Amino acid sequence: MSLRPFVTSAAIVAGAALMTLFSAGCPSRPAEGLDPSKVPETVRADYDVFAQRCSRCHSLARPLDSGITEDEYWQTYVERMRRMPSSGISQTDATVILRFLHWYSQAKIAEKKAKAGG
C-alpha cells in the first residue's frame, strides 16, 4: 500500500488550513477610489461613471492622486483616455467624467486652502 495518496491529501488539508489561518488575521484590502457616501449627491452618479470607466485601464488613484486641478488639462487627459480602444468612454461619458473631475479638483483646492489657513 502506497502512502502517496495519504501524503497528498494531508498536504492539501494542511495548505488549506494555513491559508485560512493567515487570511483570518489579514485586513481586507481597502476599497479603491473614494467612499461614495462622501461624494455629494449632485455628482455621485458622475463619480460612478468615472469609477466604472476609468478603472477599466488603471487604478482610480492615478487620476485622483495626480494633483491636476485645471479643467483644460482634465479635458485633454480624458479625451486621450476616451480614444483608448479598451476604455469604453463615450463622448457622453467624457462629459460626465469631466463634471466629476471638476468637482473633485475644486474640493482638493478648497481642502488645501483650509489646511494652509488653519
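Numbers below:
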| read-out | value |
| --- | --- |
| Scan of the stretch 88-106 for residues that are more than 18 Å from the chain's Cα centre (by Cα) and assigned to a helix (DSSP H, G or I), ordered by number | Gln91, Thr92, Thr95, Gln106 |
| Check on Glu111, in a helix (DSSP H, G or I), over 25 Å from Glu41 (Cβ atoms) and out of contact with any Leu (no Cβ under 9 Å at 6 or more places or on another chain) | no |
| Unmet requirement for Gly67, which otherwise passes all of (1) assigned to a helix (DSSP H, G or I); (2) of a type outside the set (S, T, N, Q); (3) over 15 Å from the mean Cα position of the chain (by Cα) | (1) |
| Qualifying residue in the stretch 40-63 (condition: part of a helix (DSSP H, G or I), closer than 17 Å to Lys112 by Cβ and touching a residue at least 12 places away in the same chain (Cβ under 8 Å)) | no |
| Only listed residue being modelled with pLDDT of 95 or more, out of contact with any Pro (no Cβ under 7 Å at 6 or more places or on another chain) and of a type in the set (Lys, Arg), chosen from Arg82, Arg4, Arg29 | Arg82 |
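The values are calculated or read from the model by the stated rules, or taken from the named source; none is laboratory data. It should be emphasised that the depicted structure is a prediction, and the values quoted were computed from it without experimental measurement. As a convention, Cβ positions derive from the backbone with ideal geometry for all residues, glycine included, and neighbour counts pool all protein chains shown.
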